[in-house]
Amino acid sequence: GENVEQHPSTLSVQEGDSAVIKCTYSDSASNYFPWYKQELGKGPQLIIDIRSNVGEKKDQRIAVTLNKTAKHFSLHITETQPEDSAVYFCAASTAGAGSYQLTFGKGTKLSVIP
Amino acid sequence: GAGVSQTPSNKVTEKGKYVELRCDPISGHTALYWYRQSLGQGPEFLIYFQGTGAADDSGLPNDRFFAVRPEGSVSTLKIQRTERGDSAVYLCASSPRLADYNEQFFGPGTRLTVL
């Protein structure tokens, strides 16, 4: 089955700096890669996603890049703000080509220091 | 409702007991997913439904776990003979259809503690 590795496990940045979180996946059939933000006591919330036919996607301060050849994808947050502090999860799925289940990484705890 | 709701928010039980966890999806959503999240880990897939039927239950860890969705709306995750290793947050998500997998909305979860 799919295996998703996520790094780093913790990340501290100064407010205004950029944060980068990286994930690798094992199943070349995976075609959908979402990123979730989870705040304490809440369920994960989708913040951005990318499909395998796209190399990069941007939404305001958040961007995701995908390298299918290397089987890795990354989340980039620019101009970080204290409210960006949370745990971020990457995930992968073979949605539509097998199963709709998501396989998640272990998470990155991001702390933005004011 | 406005979002996915899960009840109870917390459940404490003793080893060997039976528990039921409930998920109310967003109104009109036909696809429903269950995940389990252990401390410090990412969510782990358990099962998903399209309508009343379990379309993929490959993530259920063993036959102590069972889930139903008899009317295609509310779902109940049932755990028999609970073990301490079952302690985790159980998350439910829903989407308009399976094909709308990019619109999975998660509930706040039920924190299960098995003593």
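Computed from the coordinates by the stated procedures, all read-outs in this text should not be read as laboratory data. Small disclaimer: the values here were computed from a predicted structure and weren't measured. Positions of Cβ are backbone-derived with ideal geometry, glycine not excepted, and every protein chain shown enters the neighbour counts.
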To one decimal place, what orientation-averaged projected area in nm² is obtained for the convex hull of the Cα set of segment B:1-112?
6.5
From the phi angles alone, apply the Karplus equation (6.51, -1.76, 1.60; θ = phi - 60°) to segment B:63-68 and give each ³J(HN,Hα) in whole Hz, x where the residue is Gly or Pro.
6, 7, 9, 8, 9, 9
In the neighbourhood of A:Gln81 defined by beta carbon distances under 12 Å, the net charge of the other residues (Lys, Arg +1; Asp, Glu -1) is -4
Between A:Thr78 and B:Ser9, the FRET efficiency computed from the C-beta separation at R0 = 45 Å comes out, to the nearest 0.05, as 0.80
For segment B:46-115, go through all pairs of different Cα atoms, get the mean of 1/r, take its inverse, and jot down that Kirkwood value in Å.
13.1
Test of understanding: express the Cα radius of gyration of segment A:1-50 as a ratio to 2.2 N^0.38 Å, with N the residue count.
1.35
